[in-house]
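K.L.:
Dropping the structure in here first, questions after.
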């Protein structure tokens, strides 16, 4: 990390939909804030005898607001052999992310203010990226009783509530959660997917409010139920990793009928955008939940992205050890590959404008979860990523900062990657390829 308090980024192509900028700009950063944006800022004009000005020569590079990942698993506490806040934060900035939101499926689960505060202190000390949390909806993530929602919603680092990895099976309990969320003004981020817990509760007779289909096919049923509850109670809801055409259709219909775009949002993940169960031999399909779907579902998820229906791209970074994956653990890592995948398969192919990629990976996730970031307008925090759009690279998990290696993209050739990241004006990551362009100032 570099401790310079003032930086001048020169001749970058700045894409910032929130402030309406998409062109070559110089950006001056002072004391962690964007101080000035102009077509040209002369270095001598911002120097003084008291403060050095670091210079980043960014010609040919893209400058975006720092990426925001609304769905990561840092596994701390309880599973630090898979990932820690420190290693996850390092992986985040390598992937261009300046803010991430951790899911609560830790051991113990994130269901108490004491644990939230402890993790927040650790994140501020150990992670180069900003770290926020989703707190559990139910005690112990057991789906039986409400967690201390009022206390959790009052924590500054808690930005949503979720029982990550599990739906709230009971319709009555989910209704109670929605009522509390509306009263507290807190965002709900339900995981509308089957799970071992959900299947066991279904077998025990818990009333879900719909007639379930086969196991791991009920995403749309949960979404349709939760949309009804969102309308009934007026709470805000963000659906995680939507993967089925029927789910997308349900959300579109709800928005159209209820004029509720701002209150109901959803994310898609790279693996559901790019992979399908039909791409693999039987027995070789990567294990992830929701599972990889049909090619028609993949097409529907892509169409939702390209038509502006989806609100965010989230990595669902889910690290596991090789032993856990061999035992069938669900999840794939994604922090260090998501940007490259989006650039390679959507932006560089002309299917998605760079400005739309910024909206999906930075501006809108920040807005949905109420985070700082998502724009490099003057006066805002200087959370930024510099991207070399032409850098060709091959995915090699052995080179990752993440402790885990469970990527389905090993060996893929990608084009475009993050080469520098600033968080609050501090240069927290730079690739070797950028170092001749960075000058510490005088």
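K.L.:
Within the range 217-234, is even one residue loosely packed, with under 15 Cβ neighbours inside 10 Å, at positive phi and either over 22 Å from the mean Cα position of the chain (by Cα) or not assigned by TED's automatic domain parsing to the domain that holds residue 300 (or both)?
P.N.:
yes
K.L.:
From 83, 155, which residue is in a loop (DSSP other than H, G, I, E, B) and closer than 30 Å to residue 387 by Cα? Lay out the reasoning, then the answer.
P.N.:
On the way: 155 fails: closer than 30 Å to residue 387 by Cα.
When all the criteria are applied, what remains is 83.
K.L.:
Quick check on residue 408: is it more than 26 Å from residue 39 (Cβ to Cβ) and assigned to a helix (DSSP H, G or I)?
P.N.:
no
K.L.:
If you don't mind, there's one more thing I want to ask. Which residue is nearest to residue 193 (Cα to Cα), if the candidates are limited to the range 293-307 and must be more than 21 Å from the chain's Cα centre (by Cα) and part of a helix (DSSP H, G or I)?
P.N.:
Within the range 293-307, the match that is nearest to residue 193 (Cα to Cα) is 297.
K.L.:
Next question, about the same structure. Of 356, 399, which residue is at pLDDT 95 or above and in contact with a helix residue (DSSP H, G or I) (Cβ under 9 Å, 6 or more places away or on another chain)?
P.N.:
Answer to the check: 356.
K.L.:
So, one more: Take the range 361-384 and flag every residue that is assigned to a loop (DSSP other than H, G, I, E, B) and over 21 Å from residue 239 (Cβ atoms).
P.N.:
Correct list: 372, 373, 375, 376, 377, 378, 379, 380, 382, 383.
K.L.:
Considering only residues that are farther than 22 Å from residue 337 by Cβ and buried (at least 24 other Cβ atoms within 10 Å of the Cβ), which ones fall in the range 83-109?
P.N.:
Of everything in the range 83-109, just one residue is farther than 22 Å from residue 337 by Cβ and buried (at least 24 other Cβ atoms within 10 Å of the Cβ), namely 104.
K.L.:
In addition: Of these, 172, 200, 123, 180, which one is at pLDDT 95 or above, surrounded by fewer than 21 Cβ atoms within 10 Å (Cβ to Cβ), part of a helix (DSSP H, G or I) and in contact with a helix residue (DSSP H, G or I) (Cβ under 6 Å, 6 or more places away or on another chain)?
P.N.:
On the way: 172 fails: in contact with a helix residue (DSSP H, G or I) (Cβ under 6 Å, 6 or more places away or on another chain); 200 fails: in contact with a helix residue (DSSP H, G or I) (Cβ under 6 Å, 6 or more places away or on another chain); 123 fails: surrounded by fewer than 21 Cβ atoms within 10 Å (Cβ to Cβ).
When all the criteria are applied, what remains is 180.
K.L.:
List the residue pairs whose Cβ atoms are under 7 Å apart, where the first residue sits in the range 238-264 and is assigned by TED's automatic domain parsing to the domain that holds residue 134 and over 16 Å from residue 188 (Cβ atoms), the second is modelled with pLDDT of 95 or more and surrounded by fewer than 14 Cβ atoms within 10 Å (Cβ to Cβ), and the two are 6 or more positions apart or on different chains.
P.N.:
Filtered contacts from the range 238-264: 245/296.
The values are calculated or read from the model by the stated rules, or taken from the named source; none is laboratory data. Every value quoted in this text rests on a predicted model; they were computed, and no experiment measured them. We place every Cβ from the backbone using ideal geometry, glycine too, and count neighbours over all the protein chains shown.
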